[in-house]
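These notes concern the structure reproduced below.
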Amino acid sequence: TMSGSFYFVIVGHHDNPVFEMEFLPPGKAESKDDHRHLNQFIAHAALDLVDENMWLSNNIKDCALIFSHMRFIMLHDVRQEDGIKNFFTDVYDLYIK
Amino acid sequence: MELKESSLYTATTPWFESYRETFLQSMPASDHEFLNHYLACMLVASSGEAEPMEQFSKLSQEQHRIQHNSDYSYPKWFIPNTLKYYVLLHDVTSGDEQRAESIYEEMKQKYGTQGCYLLKINSRAPNRASDEQIPDPWSQYLQKNSIQHQESYEDGPCTMTSNKNSDSNLLSLDGLDNEIKVDGLPNSFRVHPLQLDQCGDPPNTDGSDHTKSASVRENKKASTGVIRGACLTLTDHDRIRQFIQEFTFRGLLPHIEKTIRQLNDQEMAAVSAFLQPGAPRPYPAHYMDTAIQTYRDICKNMVLAERCVLLSAEILKSQSKYSEAAALLIRLTSEDSDLRSALLLEQAAHCFINMKSPMVRKYAFHMILAGHRFSKAGQKKHALRCYCQAMQVYKGKGWSLAEDHINFTIGRQSYTLRQLDNAVSAFRHILINESKQSAAQQGAFLREYLYVYKNVNQLSPDGPLPQLPLPYINSSATRVFFGHDRRPADGEKQAATHISLDQEYDSESSQQWRELEEHVVAVANKGIIPSSFYPTQYCLNSYSDNSRFPLAVVEEPITVEVAFRNPLKVPLLLSDLSLLWKFQPKDVNGKDIERARERARLKLFPHHIGELHILGVVYNLGTIQGSVTVDGIGALPGCHTGKHSLSMSVRGRQDLEIQGPRLNNTKEEKTSVKYGPDRRLDPVVTEEMPLLEVFFIHFPTGLLCGEIRKAYVEFVNVSKCPLTGLKVVSKRPEFFTFGVNTAALTPLSPSTSENCSAYKTVVTGSPSAGTALVSSASSVDFGTSTGQQLEAIPVPLPDSVLLPGASVQLPMWLRGPDEEGVHEINFLFYYESVKKQPKRRHRILRHTAVICTSRSLNVRATVCRSNSLEDEEGRGGNMLVFVDVENTNTSEAGVKEFHMVQVSSSSKHWQLHKSVNISENKDAKLASREKGKFCFKAVRCKQNEAAVQSSEKYTFADIIFGNEQIISSASPCADFFYRSLSSELKKPQDLLSAHTEKHGAEEAVRLIQKCSEVDLNLVILWKAYVVEDNKQLILEGQHHVVLRTVGKEAFSQSQKQADVDVIVDLRHKTTSPEALDTHGSFTWLGQTQYKLQLRSEESRSLQLKACFVHTGVYNLGTPRVFAKLSDQVTEFETSQQNSMPALIIINNA
């Protein structure tokens, strides 16, 4: 039951994306190609904030978990705190396995 | 921070400083504040003036009038009571110093010591030729002024002429005025009404002044290149500096301090709080924030807000509050001005990187944003710079979409700035970066790249072809083949398989070929492999030894196979592909392409000897036309989509550089990473060599085991050199023979030999009633004398030379291998040039024959002594030979029946004498699965004959069942016999040597064994009637049995050698009726189950103990025996139970 667009990325030690995933609302089959790079730009820039252990609240919201210097970042355009929190918990569980 | 060290990062942004300054200067002064309001007015008069004091009061009045008269809305004055500072300017070279001093005294009295100054300058004459070079002190200010002047004509009131000073003096004032303003409070951009060089109506000046000022202005305009301050000396410079200090600290600052505290404007207060050194309270940033917010949101005055931001940011930066400064700058960006936003974003980016722990990623992000806005504002160079700087951070981290975007923008901007090389390299990065873009996007990138690349090429059409990034070339997978392509099969003629690029590399087989070549070379060189020898390599690949320069032969093609890989999702069109090479003299023709998937094969024909170096490939790279439509990216100017893409193709090259294997021999090589050379692509073209082609005619693909078939081999010398020393070597010499003295035997051409027997036959008048026909032959004649491991069989060429262009067809007999199945048989043909060549002595040609054999006959034979049968001549030592022949053919091959046609013996000491009929099988026919038994009497060879026989002389005795004798001592029968014998001899030799090593106690056994040794070899010749395609064919063949020991069975083919796992189970009570017949039961003692492994021909005995309680008859044959092959899973119970019962009778004790 996701309505907004989501972009999830796991970032490695050298600021390199290890895993990327886009979640799109059911209506939108494909995200516009010319916008896909923006996700990367924003996620990458957010690393500075993540490393400062900060949360940025804006139109697009970044959530992050830091674990053994692997960073999980999620970009989303709608507010859905609980869903994202649960998602991170699941990802974290999977990751430590 | 590595970024800071990089050349692309610029710590300073002079364009921004200049923007800021221009912005502040160009700002109109506002009513609500006092920025750009004048604090003071400097009144200057020359000491050369007739009445300086009068001038001062005149100027003072004028100032007062301008400030307080409502006619002037401009300039703005800070406070009603403006500080007036009186300066007497004295020209040292021309003025009267005493007079100046006295006037100054007068001034001090009138205006106070702190309100006036005597400035002495121009200590030397304007001597242009002087060597003393003092920099023009006004230059940096004048430049700015000239900008101001351009725009200031439109508005502003007019100049007030001050005095009658010389031009340079006036200018000096101008400059100083500016200098004061530089530290902190910038000056108005607008024209100062007191400024000399302005047109308009000076309201209160006399006519002479007016004209003078006008002429001065024109003079100045006309002489912008004039060197200013030429009359100044270093002393003057010091004086000026001193004057400024005096003015600032004694005059201006005390004055301001007196007045400024009255002001409560927040912005001003904040600025002043900052300006006050050592202020007790911290900088009140929130004043600024409030001010900015008010300006922006309430006053809607962006200009004021911006000024406020610029000021505040500078202040915050100076206090290392970069984060706050950045936030401030970013907050001011908006949609309405791209240029302003770009500049501010860039400054924000710089703030991020200047932080104590630099925020590199935010820096990069804001640089991208800045670049984007610069680009929208049409500032291409700035945009390009921003993107390039951001790229430093993103590079190589794996954010490929982001990287692609940056590279794309860099490429575009570089292109529009005509930095074509940079454009090409940026687009190139997008394409080679394992792009994650969609196919459509990749197609667009590719077209854009091709377009830019084409433009670069057009600039220097005669330059060297540039490197293309696509497709990838897997250099190490490059293969090089020397020689012509294999000819396709031509009817019955089948060319030797040789080597081709279509064959996959197989290390096992290449090792086999190498051994064969070494062997034949050793044979050709009297058993010694020359030290200069190395194996011929026709095909070089990543597995071959590429450490030396390969040899190519002139007039023989060199084929280079290049392995391409397209990393994109869109197809790439390569055309006009050819090799790039370097060769010392004259012409070599590079030629055409033959494309196999992603591999291209290119050929070179060397026409001269020398050293060739294959450097790379040249090709046109293009897109498949009309496959993808260009999407949102948009095309470059001039690169319109659609039709344009059809012809989009560019020419370029790629080098082939192959890294050799890593060296790991010496200590130095082990500790460092060093690579050896790979010379695959650097062949040495040598003189002409003979070139042999071999064709096989009537060569079968399927044979019965033991079948003899005659085929023909055609040898053609396709070169211009005669060849000689032709030999063939194979690991399976028993498979084929060229025969001995065959010329007389059979028709030489394949066409006439059809339907003829492969054997040499003689029709005998009447059946010889089972008596042997005797002949003899020496094994030496058949080239198998010593039982050497591998033979090099000379090909019986007439005169042992094959002349250029000549061809010869020779018969070749084949015998189907004894084991059923598929056999790959390798032939290696060896030949030499008649003319000895230094570089390469020999050449080779390979052929692999694939033969599928199916079961035919199985022959078992034993020999035993016969004392009852007397030799006709009364000598003892007769023997009986029993031969069992079984048709094991499964009739899949269409074999109807086998006919035994002849049994021959071959031995140095024994011979078959006659047939003894023990069965009714007179015509010796064997249908499927039938067995036939034959018995022959064997005798010793005639003694006298044997005496003269050399040790290699064999006596052949043929017992024929029909009316046609196959001469077993001639080709091909004897050939195959000798070959099978020599391969048979190889095996028992090991056994014997193993025996001799045993100690002397077994000597007696050896003697007894010696007595029962016999050397009788049998050749069983047969015909098979086969129906194939409704036609009856007669096939012929022969089997060999080597009899060595009296009483021991021997087989026509070696029995399967395998390990067998055996389980002996005693526990299992049999339920067979025999068991029930016995009275009672008995018990096995001890272990009841045994597991053992039996090697081939091994026998083991088990000791079993049983306990019998009652008397009676017992069957001990109750144990069940299971066996299976060690490498198989299925177990079989042996037929032990069906054998005779082992009965034991237990009596009463």
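Laboratory data are not the source of any read-out in this text; all were calculated from the coordinates shown. On a predicted model such as this, the values are computed, not experimentally measured, just so you know. Cβ coordinates were reconstructed from backbone atoms using ideal geometry, including for glycine residues, and neighbour counts include every protein chain displayed.
Just a few scattered comments:
- Close amide-amide hydrogen proximity is noted between B:Thr1045 and B:Val1014, each under 5 Å apart and 5 or more residues distant or on a separate chain (H modeled in the peptide plane; Pro and chain starts excluded).
- Inter-probe distance in nm under a simple model that places probes 7 Å from Cα toward Cβ, at B:Ile1146 and B:Val801: 9.2 nm
- Ranking of B:Trp399, B:Trp513 by count of other Cβ atoms within 10 Å, fewest first: B:Trp513, B:Trp399
- Sorted by Cβ neighbour density within 10 Å, fewest at the top, the residues B:Lys526, B:Lys727, B:Lys931: B:Lys526, B:Lys931, B:Lys727
- Links that overshoot a 26 Å alpha carbon limit, given the list B:Lys896/B:Lys937; B:Lys760/B:Lys925; B:Lys395/B:Lys569; B:Lys731/B:Lys937: B:Lys896/B:Lys937; B:Lys731/B:Lys937
- Peptide B:353-360 - average C-beta neighbours from other chains (10 Å radius): 2
- Amide H contacts for B:Trp910 (H built 1.01 Å from N in the peptide plane; partners 5 or more residues away or on another chain; cut-off under 5 Å): B:Cys941.
- Anisotropy class of the stretch B:296-369 from Cα gyration tensor, a/c 1.5 cut: oblate
- Counting every other Cβ atom within 10 Å of each residue's Cβ, B:Ile1146, A:Ile73, B:Ile967 order from fewest to most as B:Ile1146, B:Ile967, A:Ile73.
- For the stretch B:544-563 versus the stretch B:458-517, the spacing of their alpha-carbon centroids is 9 Å.
- Centre-to-centre, using Cα atoms only, the stretch B:827-850 and the stretch B:902-917 are separated by 43 Å.
- The HN-Hα couplings worked out from phi for the stretch B:465-475 by the Karplus form 6.51 cos²θ - 1.76 cosθ + 1.60 (θ = phi - 60°) are 5, x, 6, 9, x, 10, x, 5, 10, 8, 4 Hz, whole numbers, x standing for Gly and Pro.
- Under 18 Å from the B:Asn525 label point (7 Å along Cα→beta-carbon), backbone N, the stretch B:818-850: B:829-845
- For B:Gln537, residues with placed amide H under 5 Å, excluding near neighbours: none
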